[in-house]
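**Student:** Before I ask anything, let me first share the structure, which is written out below as structure tokens.
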């Protein structure tokens, strides 16, 4: 570490930047950036845009504070580290998270990436930021009427310094951490026939679950899809199976497919089941065992059907389980709420989508 630049000085500069950006105070930029500082971006998502490069404190103040503040408010940016460290060249890097509200539609925006700061001693003896590179890896959009999720998320995270351990332990909710290589996301019955039965809620469910799938992919968590499917004539349906006979009468699940909006990739398996549970009569458990998976994130439609049946089996099979409530649905909302507060709560760690994104951050 360069002895000329102390940890306390770096911390002060970075906290000044946070106050400027999050509190929409562009004048503070001049207290922490050099007049000719350079700002560059590396953006790996189409969900947000910035110019690729900006030069000068005045232009940085406009880009990161004034223009930013026209699009977003209630912003909190978190440094994911216990304390900043700067090397002999004045370079300081750290992951970041952001949670904020998009002004035009009220949605929660939750993003992550990395900061790379370059700090130098000025001629007047003060330390200033002379360069900042912002890598934006993800920027998710979550429907959030009344900013309830945003408020809950921000109220439970230490600001602005957030240690990695706190990402999986916040507020009253203790979230067991995952090992990505040993975790799978199981997306159950997100198929066109089922979604067609619930047109009023399907767009939000698909949007939430696509966000979850992308976060899992980015984290290195394998994604499995599971569909209910039958051959023409329904030879797989027993005359003794009341649920199966009802499906047969409706003529569903013969030619439908995974919702294309979820972006299934070539290496993401499709498990085909003939019963409510995604495990009954399938090779899903064998596939998971072969990959060394011991933890499952489970979402599906409907809560009283595939989710209940599959969670019960997976719990008995000793998987560590998570369910994401915002990615599950049942037309009987009373029973849906009851399941998540009883049977699912006793067998799984119940997460909101925001919680799940923290888990996968």
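Taken together, the values in this text are just the output of simple stated rules run on the coordinates, not laboratory data. Predicted, not measured: the structure shown is a model, and the values here were computed from it. As a convention, Cβ positions derive from the backbone with ideal geometry for all residues, glycine included, and neighbour counts pool all protein chains shown.
**Student:** With the structure loaded, tell me whether residue 71 is under 26 Å from residue 215 (Cα atoms) and in contact with a helix residue (DSSP H, G or I) (Cβ under 6 Å, 6 or more places away or on another chain) or whether it fails that test.
**Tutor:** On the way: under 26 Å from residue 215 (Cα atoms): yes; in contact with a helix residue (DSSP H, G or I) (Cβ under 6 Å, 6 or more places away or on another chain): no.
In short, no.
**Student:** Restricting the search to the stretch 43-73, which residues are within 25 Å of the chain's Cα centre (by Cα), surrounded by 16 or more Cβ atoms within 10 Å (Cβ to Cβ) and in a strand (DSSP E or B)?
**Tutor:** Within the stretch 43-73, 43, 72 qualify.
**Student:** Then there is this: Could you check the stretch 216-258 and list, in sequence order, the residues that are closer than 17 Å to residue 278 by Cα, buried (at least 18 other Cβ atoms within 10 Å of the Cβ) and in contact (Cβ under 8 Å) with a residue 60 or more places away in the chain?
**Tutor:** Passing the criteria: 222, 224, 226, 228, 253, 258.
**Student:** Further, regarding this structure: Kindly indicate whether any position in the stretch 261-277 is surrounded by fewer than 15 Cβ atoms within 10 Å (Cβ to Cβ) and at positive phi.
**Tutor:** The answer is yes, given that some residue of the stretch 261-277 is surrounded by fewer than 15 Cβ atoms within 10 Å (Cβ to Cβ) and at positive phi.
**Student:** Of all the residues that make up the stretch 285-318, how many are farther than 25 Å from residue 205 by Cα, touching a helix residue (DSSP H, G or I) at 6+ places or on another chain (Cβ under 7 Å) and either part of a helix (DSSP H, G or I) or in contact (Cβ under 8 Å) with a residue 60 or more places away in the chain (or both)?
**Tutor:** Looking only at that region, the number is 3.
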